[in-house]
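Structure first, commentary second.
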Amino acid sequence: MKELRKELREIRRSIDQPSRKKKGKQLLYQCKKNAIFRNAKHVAIFIPNDGEIETIDTINFLVHQGYFVYLPILVGEKLKFAKMGNLFKKNRFGIEEPIFKPLIGAHKMDIILMPLVGFDKHKNRLGMGGGFYDKTLSFHRKSKGFRVPKLYGLAFDAQEVNRLQSKPWDVPVDGIVTPTRFI
């Protein structure tokens, strides 16, 4: 798994800036086409790091449409969310986080758009390996029927693999969005 993670991170980092911008616009188009923001008001998203797919067009769309937009903040081994502002600081992994209080739990979000390293057609998600989203969203596995928040992984098409082995602690996502499709 470690080798696969390394290989997929290299693939996503190798995508040039003009392609990132274009694919970020296509990603927003797929989100709108598949109506993933319908019935939502509080949406958590991320600022790309380590070659993750571009989210600025999606963030701008959400802000201009009146959604409350949140970014993840690392608190111990879990994530909390803070409203997006203009001031940021780097966490212990060098990832930009908003400087904004109060911190809000994942259970208050309608949608969480999360980064990933790899995915398969069965909506299995491979993260960076720290398990922060899985630990944060562990309550989600116990939900039956209609679950909130809805969870979507955002990725480049090149991050797809044939099959990922899911672990008991993996929290399944409701969908994967790429620039060309919605799974």
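Among the residues of segment 84-130, those that are buried (at least 16 other Cβ atoms within 10 Å of the Cβ) and not aliphatic (A, V, I, L, M) comprise E97, P98, F100, D110, P115, G118, F119, D120, K123, N124, R125, G127. Looking at E54, E3, just one residue is of a type in the set (D, E) and more than 17 Å from M114 (Cα to Cα), and that residue is E3. The number of residues in segment 77-112 being in contact with a helix residue (DSSP H, G or I) (Cβ under 9 Å, 6 or more places away or on another chain) and closer than 17 Å to T136 by Cα comes to 9.
Only one of the numbered conditions (1) surrounded by fewer than 15 Cβ atoms within 10 Å (Cβ to Cβ); (2) in contact with a Lys or Arg (Cβ under 9 Å, 6 or more places away or on another chain) is violated by V173, and that is (1).
The set of residues in segment 169-183 being modelled with pLDDT under 95 and under 11 Å from the mean Cα position of the chain (by Cα) consists of V173 alone.
Within segment 54-76, identify whether any single residue is among the charged types (D, E, K, R), surrounded by 12 or more Cβ atoms within 10 Å (Cβ to Cβ) and under 13 Å from the mean Cα position of the chain (by Cα), and answer yes or no. Yes, segment 54-76 contains a residue that is among the charged types (D, E, K, R), surrounded by 12 or more Cβ atoms within 10 Å (Cβ to Cβ) and under 13 Å from the mean Cα position of the chain (by Cα).
Pairs linking a residue in segment 92-104 that is at positive phi to a residue that is modelled with pLDDT of 85 or more and not aliphatic (A, V, I, L, M), with Cβ atoms under 8 Å and 6 or more positions apart or on different chains, are G94/N49. Please work out if K78 is charged (D, E, K, R), at pLDDT 90 or above and touching a strand residue (DSSP E or B) at 6+ places or on another chain (Cβ under 7 Å). When the stated conditions are applied, K78 does not pass them. I'm checking my understanding of the structure. Among residues of segment 136-164 that are at pLDDT 85 or above and over 26 Å from L74 (Cβ atoms), which one is surrounded by the fewest Cβ atoms within 10 Å (Cβ to Cβ)? Restricting to residues being at pLDDT 85 or above and over 26 Å from L74 (Cβ atoms), the top hit is N162. Taking E7 as the residue in question, decide whether it is of a type in the set (D, E, K, R), in a helix (DSSP H, G or I) and free of Cβ contacts under 8 Å to residues at least 40 places away in the same chain. So E7 fits the description; yes.
The values are calculated or read from the model by the stated rules, or taken from the named source; none is laboratory data. Please read these numbers as outputs of a predicted model, since none were measured by experiment. In this analysis, Cβ positions are derived from the backbone assuming ideal geometry, glycine residues included, and neighbour counts consider all displayed protein chains.
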